[in-house]
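Just below is one structure, and these are the notes that go with it.
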Amino acid sequence: MKIKLLFAALVFLAQQGMAQEWLVPEDQKSVQNPSEYNLDNVKKGKDLYLQSCKSCHGDPGKNNALPLVPPPPDFTSDIMQANTDGELFYKITHGRGGMPQFETTISEDDRWRLVNYIRNFNPENEPVLVEEPPKKAKILASVNEEQRQVEVFAEYQDKDSNYVVLAETPISIGAKKAFGTLPIGQVLTNDEGRAEYHIPESLIGDEQGMVTLVIDLGEGFINEDVVLDAAKVGQPKPTPKLIQKEVLWSTNENIQVWLLLSYLAAVLGAWGTIGYVVFLIFKISRAGKQE
Amino acid sequence: MEKTKSPEESRKLLDKITFDLTRSIVKRDELTRFWYFILIMFAGVGLWGWGIQIRDGLGVTGMRDYVSWGMYIANFVFFVAISLIGFLISSALHLLKIKWSHPISRVAEQVAIAGVALAGIIIINDMGRPDRFLNVFLHGRFASPIIWDVTVVTTYLTISVLLYYLPLIPDLALIRDRGGDDIPTWKMKVYKIMALGWKGNAEQYKLVYHAMRILMILIIPVGLSIHTVTSWLFAATLRSGWDTTIFGPYFVAGAFVAGAAAVVILMYAYRVRYRLGEYFEDLHFDYMGKLLVFVCLVYLYFNINEFWVPAYKMKTAEGIHLRNLFVGSFAPMFWWTQMTGLILPIFLMLFRFFRKPLPLTIISVFVLIASWLKRYIIVIPTMEHPFLPVQNVPDYFKHYSPTSIEIMITLFSFMAALLIITVLAKMFPVITIWEYAEEKGIDKKILAEPKK
C-alpha cells in the first residue's frame, strides 16, 4: 500500500518536474559571474561540490548521479552546460523539487565558485583544474605516545616507477571509532616528505585512552591506509555508570537496602505464618489421637 | 444461628444436609462423563498447541517486536483477577461477620485456586523457553515487580489451598463417618487420610478456628498485593495508558467484578446441577447481585478517573491512546466492555427481578466476558503504539491479532481452570457442611457421632 502511494507520488512529482521548463527570470539569466575563473576558485568550488552536490549529482563525467526524477544532470552534460552563469547561480540558490535551495547554507561568493567549478567542465573553457590519474604512494607512520604526536613519511611513484618523496601534500589523520574513521586533522608534508602531527589533548580513546589512528593520503593517490593500533594518546573514555545511585529499580548489586529488607520481611512473614498454619494442621492431627 | 434443636431433629436434619451436599460427590452419570470429556478434549487440544509453540517458538503467536504482550498476558491478568474473589468472600466478609456469605466461601475458594493456579501456568505459557523460568529464582532482581509477582502468586496459591483445606477437614471426617454407601471407596480412602484423624473435640475445633483466622487475616495483604503487583507490571512503565497512579486499586476493583460474576455463575451451576436450591437460596443471589452492583460502582468510579483525567489533558501520546479506545479501532470492543460489563449490569441489577438466580447468572456471564475483554483492552492497545517516534517499521510489528495457536492455548487455560473447579466439586462438598449445620442449630456433638 505504502509503496503504491510512494509510486503515485513519484509519478506526480515527475510530471510536475518534467512538464515545465525550469524558468529563470530574464534579469537573473544574464547576471555575470563576479568571481574570477581561476584555479583557486575552482578548487574551492570543488570542495563545496564534494560536500553538497556529489551525493546526488555523482562524479563529474561518470554519469553516476542518483536515479531521481527528474534526474540530476552530470556536471559535464550538455543540459548542465547549456545554462548561463546566471541561470546556474539562480538554480543553485533557489532549488526546485528534489534539488534543495542553497541560499541559506552556501554563501553567495561560494555559490559563484560552484558555478566556476561547473564551468571547469565546459568544453569551450580551458580547464584550470585537471584531475591527474591517481598515483601510487606509500606512507610510513609511527606514533610517539609520550609527545602525543604522529610522525609520517610519504613517498609516491613517479613516471619512471621510482619512489620519490612526496612533498607539500596534505595527509589526513583519523581515529578509528565504532562507526568508521573520525577525521581529527590534516598535516602537510615538508620537502623531505615528512610530517609531524600533534594529537589534540581532547581526543577521547577507549576506556584506557587507547586510540587506533588511521593515516591516509587524500584523493589522487592510491595507497594503503596506515593503521596504528591502540596507541595511548587519548583521554580515557568516561564509562557512564548507568545506575549511578541506588534507585527503586536498581540491580541486585546496588539495591536499596530498605527495599530488599521489606521484600524479605514480607516474604518471610507470609511464609512463616503459612508454616505456622501447617504446624497447626499437624497439631489438629495430634489432638485427634490423644483421646 | 437458629435455636439449638433437639438431638432427634438435629440428626434428621444433618442426614438431609449431608445427603444433599454429598450429591455432587456421588453423582455419576452420562452428563458428568460428557463434561469431563469436553474439558479434557479441549484442554488436550490446547496442550497440543502449546507443544507446537514450544517446538517452533513464540513466532507462532501474533506477538512481534513491539506487541510483546498479547492475549496470554491479558488472560493472565484475567485469571489473577477472578482469583481475588476468594479473599473478598471467604476472608473479608467472614472477618466482618457477614453471615450470608458463609455457604459461598468454598465456591469462592474454588475460583481462587483455579484462577491463581492457571495464572501461574499462563505466565509460563507466555515464555518461548519455559525452562528459563528457573532463571527468575536464580537471577531475579529483587527490585523487579516481576519477582514480586511470582512471589505473591505462589504465596496466594498456597494460602488459598490452605484456606480451602482447613474448613474441609471436619467435613471430610463427617463424610468418613456418616457418608452414604454410594460414595466410591477410593474417595472414602482419600477422605480418611485427608481428615487427619479428626475427632471433633473442642481442642481440634479451637485449632481450626485459630488457623482459619490467621489465614483470613494473612490473605488480605497478600490478596491485595497480588493484584496490585500485577498492576505495577504495567504501571511501573512510562507507556501511555499504563502510566497512571490508580492502577493498583483500579485492578483490585475490577478483579472483584470479574470474580463476583464467576462465583455467581458457579453458584447457579451447582444449584441447578446438584439441586442445591435450598442452600444457594434466592437470598444469596440477591446479596451477590447487590455485592456485584457495589463492586461495579467502585470499578466504574475508577474507570471514570482512569479515562477522564488524561482525556481532559489530552497529552499527545495519551491522546492517541484514548482516541484509539473511544473512537478508533478498539472502540467497538471498548464500548461493548463498558456497556455490558459495567453500565447495563449496574442499571439492571438495581431491580430486584434481575437479582434472581437466572437473570443474575445471565448478567454475570456478560460481565465475565466483558472483564476478559477489558484485560485485552488494557494490554494490547498500549503495546500497539510504541513510546518512541519510530520510522520504517514493518506494519506487522505494530499490529497484533492473536493466532489460532494463541487461541488454542488460551482455550486450554479456560478448560484447565474449569477442570480444577470440576474436580474440586466432584471430590469435596461445595458448601462447608459443619458450618452450615451449626448455623442451622445442630450441636457439634451430633456432628461427631458415627453413623447408626
Polar (S, T, N, Q), modelled with pLDDT of 85 or more and surrounded by fewer than 15 Cβ atoms within 10 Å (Cβ to Cβ), is that true of A:THR104? yes
Which listed residue, of B:ARG141, B:ARG213, is under 24 Å from B:HIS227 (Cα atoms), facing chain A (nearest Cβ under 7 Å), surrounded by fewer than 19 Cβ atoms within 10 Å (Cβ to Cβ) and in contact with a helix residue (DSSP H, G or I) (Cβ under 9 Å, 6 or more places away or on another chain): B:ARG141
So, B:LYS187, is that one in contact (Cβ under 8 Å) with a residue 24 or more places away in the chain and surrounded by fewer than 22 Cβ atoms within 10 Å (Cβ to Cβ) or not? yes
Inside the stretch B:1-75, counting only helices (runs of 4 or more DSSP H) that do not spill past its ends, which hold 1 or more residues that are at pLDDT 90 or above and exposed (fewer than 13 other Cβ atoms within 10 Å of the Cβ)? B:30-56
Unmet criterion (only one of (1) touching a His at 6+ places or on another chain (Cβ under 8 Å); (2) within 14 Å of chain A (Cβ to nearest Cβ)) for B:VAL252: (2)
Of all residues being in contact with a Leu (Cβ under 8 Å, 6 or more places away or on another chain) and among the small types (Gly, Ala, Ser) in the stretch B:211-239, which is farthest from B:TRP148 (Cα to Cα)? Just the residue, please. B:ALA211
Condition first: among the charged types (D, E, K, R), under 15 Å from A:GLU21 (Cα atoms) and surrounded by 15 or more Cβ atoms within 10 Å (Cβ to Cβ). Can you find one or more residues in the stretch A:73-87 that meet it? yes
Does the stretch B:375-383 contain at least one residue that is touching a Leu at 6+ places or on another chain (Cβ under 9 Å) and surrounded by 18 or more Cβ atoms within 10 Å (Cβ to Cβ)? yes
If you check B:LEU168, B:LEU174, which single one turns out to be crowded, with 20+ Cβ neighbours inside 10 Å and farther than 21 Å from B:LEU95 by Cβ? B:LEU174
Report yes if A:ILE281 is in contact with an Asp or Glu (Cβ under 8 Å, 6 or more places away or on another chain) and facing chain B (nearest Cβ under 9 Å), otherwise no. no
Can you name the number of the only condition in (1) modelled with pLDDT of 90 or more; (2) crowded, with 17+ Cβ neighbours inside 10 Å; (3) more than 23 Å from B:GLY289 (Cα to Cα) that B:ILE407 fails? (2)
List every residue pair whose Cβ atoms sit under 9 Å apart, with the two residues 6 or more apart in sequence or on different chains, where the first one lies in the stretch A:124-152 and is in contact (Cβ under 8 Å) with a residue 40 or more places away in the chain and the second, anywhere, is among the hydroxyl-bearing types (Ser, Thr, Tyr) and part of a loop (DSSP other than H, G, I, E, B). A:ASN125/A:TYR37; A:VAL128/A:TYR37; A:LYS136/A:SER161; A:ALA137/A:THR169; A:VAL152/A:THR189
Starting from residues that are in a loop (DSSP other than H, G, I, E, B) and in contact with a Leu (Cβ under 8 Å, 6 or more places away or on another chain), keep the ones in the stretch A:29-63 and report whichever is modelled with the highest pLDDT. A:CYS53
Of (1) surrounded by fewer than 17 Cβ atoms within 10 Å (Cβ to Cβ); (2) under 25 Å from B:HIS102 (Cβ atoms); (3) among the basic types (Lys, Arg), B:LYS398 satisfies all except one. Which? (2)
Being of a type in the set (D, E, K, R), out of contact with any helix residue (DSSP H, G or I) (no Cβ under 8 Å at 6 or more places or on another chain), touching a residue at least 24 places away in the same chain (Cβ under 8 Å) and under 28 Å from A:ASP59 (Cβ atoms) narrows A:ASP109, A:ASP191 down to just A:ASP109
Would you mind stating whether B:ASP181 is more than 11 Å from chain A (Cβ to nearest Cβ), charged (D, E, K, R) and free of Cβ contacts under 8 Å to residues at least 60 places away in the same chain? yes
Do we have any residue at all in the stretch A:214-232 that's more than 30 Å from A:ALA154 (Cβ to Cβ), modelled with pLDDT under 85 and exposed (fewer than 15 other Cβ atoms within 10 Å of the Cβ)? no
Output for the stretch B:145-178, where each listed residue is touching a residue at least 40 places away in the same chain (Cβ under 8 Å), more than 9 Å from every other protein chain (Cβ to nearest Cβ) and among the polar types (S, T, N, Q): B:SER160
For the stretch B:89-121, give me the residue count where each residue is assigned to a helix (DSSP H, G or I), of a type outside the set (S, T, N, Q) and surrounded by fewer than 24 Cβ atoms within 10 Å (Cβ to Cβ). 12
Considering residues of the stretch A:233-261 that are of a type in the set (Val, Ile, Thr) and surrounded by 15 or more Cβ atoms within 10 Å (Cβ to Cβ) only, the residue nearest to the other protein chains (Cβ to nearest Cβ): A:ILE255
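The values are calculated or read from the model by the stated rules, or taken from the named source; none is laboratory data. Remember, it's a predicted structure, so these values are computed and weren't measured experimentally. Glycine also receives a Cβ, built like all others from the backbone with ideal geometry; neighbour counts cover every protein chain displayed.
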